[in-house]
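These notes are about the structure you will find just below.
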Amino acid sequence: MTTDRWWIAAAGTVAMICLGTVYAWSTFTQPLIAAFGWSNTTTTWAFALAIFFLGVGAIIGGRWQDRRGPRPVAVTGVVLWGLAQILAGLGTPAMGAPWIYLTYGVIGGIGLGLGYVTPVAAVTKWFPDRRGFATGMVVMGFGLGAFVYNNVLKAIPAFKEVAGEAGRVLATRAQGGTAVLSDASRGTLMSTFIWSGVVFAVVGGICASFMRNPAELGVPAPSLAMRTPQFWALWAMLFLNVTAGILFISNAVPIMRELTGAPPATALGVYGFIALLNGLGRFFWGAVSDRIGRNMAYLLIYGTQVVIFFVVGGIHVLWLVALLFAIVLLDYGGGFGTMPSFTADYFGTKYMGVNYGWILLAWGVGGIVGPIFVSIVKDRTGSFSGALPVIAIILLLAMILPIVTRKPGERREGPFYRALMPRARPEA
């Protein structure tokens with residue numbers, strides 16, 4: 001049984017890498033704008049819809065896997081994600097933005113949710129002794145998806161040429177000229193979607209077929225969890241962390257180019273490297289939260305981002321901007337590495353699928369709010385920078401949530417409060 005659980009965790013991690021390629025969306029932002037003349041907001045909506053419907057898919061998948069087990073849900077999710085990419089590549093040139101919204105956004109997003117919630121729910125049941133470590137490892141795969149995918153794309157000369165041509169097209173437009181991506185480059189762009197979908201469906205589907213549950217212990221019904229204020233406090237914590245981090249992820253390459261003036265290939269390469277932190281943060285913070293507690297972990301995750309979002313808009317040195325956003329990605333991933341264990345600690349694991357599915361709706365809502373907010377700021381002001389201090393203020397206010405939230409039935413003088421106030425003593 002001990003060996004089985006590690007194989008299940010490893011297979012879940014690889015499946016998550018295939019799903020986590022959604023975080024490479026900013027790699028496609030400028031080529032799509034150059035190819036079809038879309039605005040930044042129009043392009044970002046495809047990504048925002050994918051993340052929103054991830055939340056919807058997680059609710060559906062959570063309830064489904066609690067009743068039927070994780071295997072059929074996980075396989076369906078990964079195959080839908082691959083199919084969405086294929087359909088997007090085939091139809092977008094003819095049918096435009098509505099088609100990529102339907103395929104990549106809606107169909108792909110539901111597939112992401114189905115595929116994401118099942119490995120997370122499964123490993124919390126297989127690793128009751130090391131929840132933060134195990135769930136951090138599995139969701140690390142999702143964060144590593146962009147790192148792996150970006151580096152694969154960088155190694156493909158044809159796609160590298162597409163990115164370079166897109167940068168030149170947009171530079172010409174910014175100077176008042178007219179330019180459009182060549183037919184050959186547009187064809188390469190769409191072929192990238194198609195072949196990516198094939199690989200995701202095959203590799204991810206095989207790994208997803210290994211998902212299964214161990215014997216379960218009884219815990220309170222899930223409806224009781226959603227009736228507690230603690231449940232919605234956890235929901236809000238994830239929502240706020242997602243909104244901040246995904247604001248950057250959705251437009252990472254353009255934001256880094258704006259702040260530093262880096263050429264497209266350089267910005268793409270740097271983001272491809274720092275995207276690794278999104279994955280490592282899930283494992284790092286998940287394991288750390290086993291030691292310092294989930295509340296303290298979230299407080300630190302918020303606090304470091306507050307400082308960064310306040311100062312990064314005034315920094316224009318590429319290595320320093322990259323370092324600061326790498327920490328944001330570490331913290332963004334950490335929110336996901338910590339939250340499954342947070343949920344299981346508070347409400348048990350028997351109905352982990354449906355409980356965490358509803359928690360992940362926060363990801364879906366944050367996936368709309370963050371990217372669309374920053375895109376609107378960009379389209380109206382010509383700059384991304386105005387959005388950054390707003391996020392800092394929101395995260396500063398959010399820091400109160402991990403301070404006041406505690407497990408149902410736990411007294412205020414719990415371990416988190418003793419950590420913050422070591423002199424406090426329990427009541428007699």
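For the reader, a short list of remarks on this structure follows.
- For the stretch 114-126, the criterion of being free of Cβ contacts under 8 Å to residues at least 60 places away in the same chain and touching a helix residue (DSSP H, G or I) at 6+ places or on another chain (Cβ under 6 Å) is met by at least one residue.
- For THR381: the one exception among (1) within 21 Å of SER289 (Cα to Cα); (2) open to solvent by 10 Å² or more (accessible area, probe 1.4 Å): (1)
- The residues of the stretch 289-323 that are closer than 23 Å to ALA134 by Cβ, among the β-branched types (Val, Ile, Thr) and open to solvent by 20 Å² or more (accessible area, probe 1.4 Å) amount to a single one, ILE292.
- Selection of the stretch 148-170 for residues being open to solvent by 50 Å² or more (accessible area, probe 1.4 Å) and under 24 Å from ILE274 (Cβ atoms) yields VAL148, ASN151, VAL152, LYS154, ALA155, ILE156, PRO157, LYS160, GLU161.
- Single unsatisfied condition, ALA174 versus (1) open to solvent by 40 Å² or more (accessible area, probe 1.4 Å); (2) closer than 30 Å to GLY293 by Cα: (2)
- Of all residues in the stretch 142-172, those satisfying the criterion of being without any contact (Cβ under 8 Å) to a residue 60 or more places away in the chain and more than 27 Å from the chain's Cα centre (by Cα) are PRO157, ALA158, GLU161, ARG168, ALA171, THR172.
- The helices (runs of 4 or more DSSP H) found entirely in the stretch 118-218 that carry 2 or more residues being closer than 30 Å to GLY37 by Cβ and touching a Leu at 6+ places or on another chain (Cβ under 6 Å) are 157-174.
- From the list LEU388, LEU396, the one residue that fits, being surrounded by fewer than 18 Cβ atoms within 10 Å (Cβ to Cβ), among the aliphatic types (A, V, I, L, M) and modelled with pLDDT of 90 or more, is LEU396.
Residue-wise test of (1) aliphatic (A, V, I, L, M); (2) touching a residue at least 60 places away in the same chain (Cβ under 8 Å); (3) in contact with a Leu (Cβ under 8 Å, 6 or more places away or on another chain).
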residue: TRP38; (1), (2), (3): no, no, yes
residue: ALA48; (1), (2), (3): yes, yes, no
residue: LEU54; (1), (2), (3): yes, yes, yes
residue: ARG63; (1), (2), (3): no, yes, no
residue: ARG71; (1), (2), (3): no, yes, no
residue: GLY77; (1), (2), (3): no, yes, yes
residue: THR92; (1), (2), (3): no, yes, no
residue: GLY96; (1), (2), (3): no, yes, no
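- Leading residue by the ranking (nearest to the chain's Cα centre (by Cα)) among those in the stretch 73-83 that are closer than 25 Å to PRO31 by Cα and open to solvent by less than 10 Å² (accessible area, probe 1.4 Å): TRP81
- The stretch 28-72: number of residues that are among the hydroxyl-bearing types (Ser, Thr, Tyr), open to solvent by 10 Å² or more (accessible area, probe 1.4 Å) and either out of contact with any helix residue (DSSP H, G or I) (no Cβ under 7 Å at 6 or more places or on another chain) or part of a helix (DSSP H, G or I) (or both): 2
- Verdict on SER385 being among the small types (Gly, Ala, Ser) and outside any helix (DSSP H, G or I): yes
- The residues listed here are ALA322, ALA267, ALA236, ALA244; of these, the one that is within 25 Å of ILE372 (Cα to Cα), assigned to a helix (DSSP H, G or I) and without any contact (Cβ under 8 Å) to a residue 60 or more places away in the chain is ALA267.
- ALA146 being aliphatic (A, V, I, L, M) and modelled with pLDDT under 85: yes
- Any hit, the stretch 341-359, residues being surrounded by 24 or more Cβ atoms within 10 Å (Cβ to Cβ), outside any helix (DSSP H, G or I) and either among the acidic types (Asp, Glu) or in contact with a Leu (Cβ under 8 Å, 6 or more places away or on another chain) (or both): yes
Per-residue answers, yes or no, for (1) touching a Leu at 6+ places or on another chain (Cβ under 9 Å); (2) farther than 20 Å from PRO402 by Cβ; (3) not polar (S, T, N, Q):
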{"position": "GLN230", "(1), (2), (3)": "no, no, no"}
{"position": "LEU238", "(1), (2), (3)": "yes, no, yes"}
{"position": "GLY245", "(1), (2), (3)": "yes, no, yes"}
{"position": "PHE273", "(1), (2), (3)": "no, yes, yes"}
{"position": "SER289", "(1), (2), (3)": "no, no, no"}
{"position": "ILE301", "(1), (2), (3)": "yes, no, yes"}
{"position": "THR304", "(1), (2), (3)": "yes, no, no"}
{"position": "TRP319", "(1), (2), (3)": "no, yes, yes"}
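- ASP183 satisfies every condition listed in (1) in contact (Cβ under 8 Å) with a residue 60 or more places away in the chain; (2) surrounded by fewer than 20 Cβ atoms within 10 Å (Cβ to Cβ); (3) charged (D, E, K, R) except (1).
The values are calculated or read from the model by the stated rules, or taken from the named source; none is laboratory data. The shown structure was predicted, so the numbers you read here are calculated from the model rather than taken from an experiment. Because the Cβ atoms are built from the backbone with ideal geometry, glycine has one as well, and the counts that use them run over all protein chains shown. With ligands, DNA and RNA removed, areas are computed over all heavy atoms of the protein, side chains included. Shrake-Rupley method; radii C 1.70, N 1.55, O 1.52, S 1.80 Å.
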